[in-house]
Amino acid sequence: MKVVFTGGGTGGHIYPALSLWRYMQTQDDALSAYYIGTTQGLEQSIVNKLDIPFETVEAAGLKRQISFSAVRTLLKTARGYFQAKRLLKRWRPDVVVGTGGFVTLPVIFAAHALHIPSVVWEGNARPGLTNQLCATRTSAVAISFADSARFFAKAKRVELTGNPRGSEVLQVDSAAVRAARDEYRILRDQKVILIFLGSRGSESVNKVLANVLPRFAAHPDWRVLFVTGDKHYDRVASSVSELPHNVSLIPFIYNMPSLLPHVDLLVSRAGSSTLAEISSLGIASILIPSPYVTANHQEENAKRLVAKGAAALLREQDLTEDTLFAAIEQQMDAQALRAMKDAARQFGTPDAVERLYRLVLDVTR
């Protein structure tokens, strides 16, 4: 099979596509894969490290209101559409898989114009405008939350698959998991708290966290890993006079699936991939949804887990040093931690990547 993947901007769009690609490699010895992204998203640095041809097209976020900026964005997207058509004509794929982000729209529209089957995958409870527009041009829409189907009333076909990242974290090699324990200096009797505010980090939340870090010295049985994001690391490191011995600052984690099996509590944004991973592994969480995303979709994601007792919600507007540390101490109570872990497992979709692969095969045939 020959497949083109597209999706970009943030890790939440890129990593699910790569999870599906890796799974497809195990199922199809003759697989040929290509990736279309943009120059401004994370996909260029992530995908270029892998053995998959990567090309870029122009894309930008569409505006709902008419303005000079909206016209400029539309023209840029139109250029991306013709660039995508040229790439698809050259590669002649059997199917195109889009996982969201601005770049998905010109590529999916180009595939439709060339009569190439396609699947659009949506990870969030409330989809963005791009995927809703793509739903009218794609062969099928894959969703991660059952009630998201109502946003795709005009789609030819909608299937609940879940997020493929929830499957991949269950397949990590045991040697890699042991290596992660050594790399992050996790002692056998320590409970692990991972603080990870998405692939780009969060300047606003980092400021609060930097002041909370000294309090962890009172809990030597906790191992705290604070992932700042590459561009925020120096600023956070310079703002902390002295770190407790059980706390580490980390710019970025590239082997996250190997680390996650050690984690007891995650303090995080509420991106769809993160929620899929922690649900499959049964990890308790305190979710701080980003208020800066389209349609507040991260809070919509978080509410689904909170309703099942699988996570605690702390809105950024309510975030202070005291509210955050109190929430961490509350969830690290042994009984609360165990109950939240059990609830998280019930929410997971461990076979998500297989479901998505079957859908891709079906529309290709």
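The values are calculated or read from the model by the stated rules, or taken from the named source; none is laboratory data. All values reported here derive from a predicted model rather than from experimental measurement. Note that we place each Cβ from the backbone using ideal geometry, even for glycine, and neighbour counts take in every protein chain shown. Note: areas computed on protein heavy atoms with side chains; ligands, DNA, RNA excluded. Shrake-Rupley method; radii C 1.70, N 1.55, O 1.52, S 1.80 Å.
Inter-part distance, the range 307-344 to the range 198-265, computed on C-alpha centroids, equals 17 Å. How tilted is helix 11-27 with respect to the longest principal axis of the chain? Cα atoms for both, answer in degrees (0 to 90, nearest 10). For 11-27 against the chain, the angle is about 70 degrees.
Kindly provide the helix-only [θ] at 222 nm of the chain, computed as the sum of -39,500 (n - 2.57) over DSSP H runs of four or more divided by all residues, to the nearest 500 deg cm²/dmol? Working shown, then result.
On the way: 15 runs with 156 residues, N = 365.
The helix-only estimate for the chain comes to -12500 deg cm²/dmol at 222 nm.
The amide H of His219, built 1.01 Å from its N in the peptide plane, has no neighbour under 5 Å, considering only residues 5 or more places off or on other chains.
Compare the peptides 214-220, 267-273, 90-96, 47-53 by average per-residue count of other Cβ atoms within 10 angstrom and give them in order, highest first. Numbers along the way, then the final one.
Working: 214-220: 15.4, 267-273: 26.1, 90-96: 18.1, 47-53: 13.3.
Taking the mean over residues of other Cβ atoms within 10 Å, the ranking is 267-273, 90-96, 214-220, 47-53.
Tell me which residues come under 5 Å, amide H to amide H, from Ile286 once H is placed; ignore anything under 5 positions away on its chain. For Ile286, the qualifying residues are Leu266, Val267, Ser268, Ala312. The mean sequence separation of alpha-carbon pairs under 8 Å and at least six residues apart, normalised by the residue count of the chain, gives a relative contact order of 16 percent. Taking every C-alpha pair closer than 8 Å and separated by at least 6 residues, the mean separation divided by the residue count of the range 1-152 gives a relative contact order of 23 percent.
Put a dot 7 Å past the Cα of Arg188, heading toward its Cβ, do the same for Ala146, and the two dots end up 4.3 nm apart. For the chain, the mean projected area of the C-alpha convex hull, equal to one quarter of the hull surface, is 17.9 nm².
Reducing the range 86-130 and the range 274-306 to their Cα centroids gives an inter-centroid distance of 25 Å. Accessible surface for Arg79 stands near 120 Å², nearest 10, in the context of the full protein assembly shown (1.4 Å probe). Protein heavy-atom surface of the chain, 1.4 angstrom probe: 49% of the accessible area is carbon and sulfur, with nucleic acids and ligands not counted.
The angle between the Cα long axis of helix 352-364 and the longest principal axis of the Cα atoms of the chain comes to about 0 degrees, rounded to the nearest 10.
Charges at C-beta only: +1 for Lys and Arg, -1 for Asp and Glu. How large is the resulting dipole of the chain about its Cα centre, in Debye rounded to 20? All intermediate terms of the calculation are to be shown ahead of the outcome.
Working: 42 positive and 34 negative charges, 299 e Å.
Using only the charged Cβ atoms, the result is roughly 1440 debye.
Applied to the range 85-93, the Karplus parametrisation 6.51 cos²θ - 1.76 cosθ + 1.60 on θ = phi - 60° returns per-residue 3J(HN,Hα) values of 4, 5, 5, 5, 5, 6, 7, 6, x Hz, with x for Gly and Pro.
Relative contact order, whole percent, for the range 221-340 stands at 20, derived from Cα pairs under 8 Å and 6 or more residues apart. Each residue of the range 231-246 was assigned a 3J(HN,Hα) from its phi angle through the Karplus curve 6.51 cos²θ - 1.76 cosθ + 1.60 (θ = phi - 60°); the sequence is 6, 9, 4, 4, 5, 5, 4, 6, 8, 9, 5, 8, 8, x, 4, 8 Hz, with glycine and proline shown as x. Scaling the Cα radius of gyration of the range 150-227 by the globular reference 2.2 N^0.38 Å produces a ratio of 1.62.
Amide H to amide H, with H built 1.01 Å from N, Val192 comes under 5 Å of Arg223, Asp264, Leu265, counting only residues 5 or more places away or on other chains. Remark: the chain carries 44 Å² of accessible area per residue (probe radius 1.4 Å; ligands, DNA and RNA excluded). With a 1.4 Å probe rolled over the protein heavy atoms of all chains, the accessible area of Leu265, Leu313 falls in the order Leu313, Leu265, largest first.
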